[in-house]
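Below: one structure, written as structure tokens.
The values are calculated or read from the model by the stated rules, or taken from the named source; none is laboratory data. Source: prediction; values computed, not measured. Cβ placement follows ideal geometry from the backbone for every residue including glycine, while neighbour counts extend to all protein chains displayed.
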Amino acid sequence: MATRYWLMKSEADVYSIDDLESDGKTMWDGVRNYQARNNMREMKKGDRVLYYHSRQSPPAVVGLATVVRESYPDPTQFEPKNKYFDEKSDSEDPRWWLVDVAFDRKFDEPVSLHDIKDEPSLSEMVLVNNSRLSVQPVKKAEFDRVLKMAGEKA
DNA sequence: GCCAACGTTGGC
DNA sequence: GCCAACGTTGGC
């Protein structure tokens, strides 16, 4: 199956691409939005991810990650002391799922949200039209365009 | 730090 | 099943 493309948001001051680089890979835990969860359940190993920093100035795509483990139940939903604990989730039928992603690379030139909004060929990006979705699909042409804007080769 | 936009919850 | 109230996200 063809590689697919995604964008994942992280609050820059909570878990940045530098954190991902030093960890190598991470569990994308804490997603508590059904649409974002559904997107993660569609991800396949090898899919490529635009890594986006929200809540920084300016917000921007700052690098790339790769899906290295396909979806499995988010363990934090069953940990009562965890801030992502969900008492309504049943261990026989978990509500929240996640994937593991690995660091790929950091851009020399981040691509800001402002630049994405200014680029006509990116006007259909989910990022532009549904700013609150934290895990979203990206078209190959969009992915390639963002890479080009970052001065990178696919 | 503010607040608009959006998603979820829960009363009816 | 509707929708008001509430909580959260994220740009500014």
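Quick notes on this one:
- Residues located in the stretch A:32-52, provided they are over 23 Å from A:ILE116 (Cβ atoms) and either in a helix (DSSP H, G or I) or among the basic types (Lys, Arg) (or both): A:ARG32, A:TYR34, A:ARG37, A:ASN38, A:ARG41, A:LYS44, A:LYS45
- Test: residue in the stretch A:106-122 that is in contact (Cβ under 8 Å) with a residue 60 or more places away in the chain and within 18 Å of A:TYR5 (Cα to Cα): yes
- Tally, over the stretch A:1-31, of residues that are without any contact (Cβ under 8 Å) to a residue 40 or more places away in the chain and in a helix (DSSP H, G or I): 2
- Residue among A:LEU98, A:LEU64 that is touching a residue at least 24 places away in the same chain (Cβ under 8 Å), surrounded by 15 or more Cβ atoms within 10 Å (Cβ to Cβ), assigned to a strand (DSSP E or B) and within 16 Å of DNA strand B (Cβ to nearest atom): A:LEU98
Yes/no per residue for (1) at pLDDT below 95; (2) touching a Cys at 6+ places or on another chain (Cβ under 7 Å); (3) closer than 29 Å to A:ASP108 by Cβ:
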residue	(1), (2), (3)
A:ALA2	yes, no, yes
A:THR26	no, no, yes
A:ARG37	no, no, no
A:MET43	no, no, yes
A:PRO80	yes, no, no
A:PHE85	yes, no, no
A:GLU92	yes, no, no
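- Residue within the stretch A:129-138 that is farther than 13 Å from A:ARG48 by Cα, away from DNA strand C (no atom under 11 Å from the Cβ) and surrounded by 18 or more Cβ atoms within 10 Å (Cβ to Cβ) present: no
- Boolean, A:PHE85 is hydrophobic (A, V, I, L, M, F, W, C) and surrounded by 14 or more Cβ atoms within 10 Å (Cβ to Cβ): no
- All told, A:PRO80 falls short of being in a strand (DSSP E or B) and either among the charged types (D, E, K, R) or without any contact (Cβ under 8 Å) to a residue 60 or more places away in the chain (or both).
- If you go through the stretch A:119-154 and pick out every residue that is touching a strand residue (DSSP E or B) at 6+ places or on another chain (Cβ under 7 Å) and in a helix (DSSP H, G or I), you end up with 6.
- Whether a residue is of a type in the set (A, V, I, L, M) and within 15 Å of DNA strand C (Cβ to nearest atom) was assessed, and A:MET8 passes this test.
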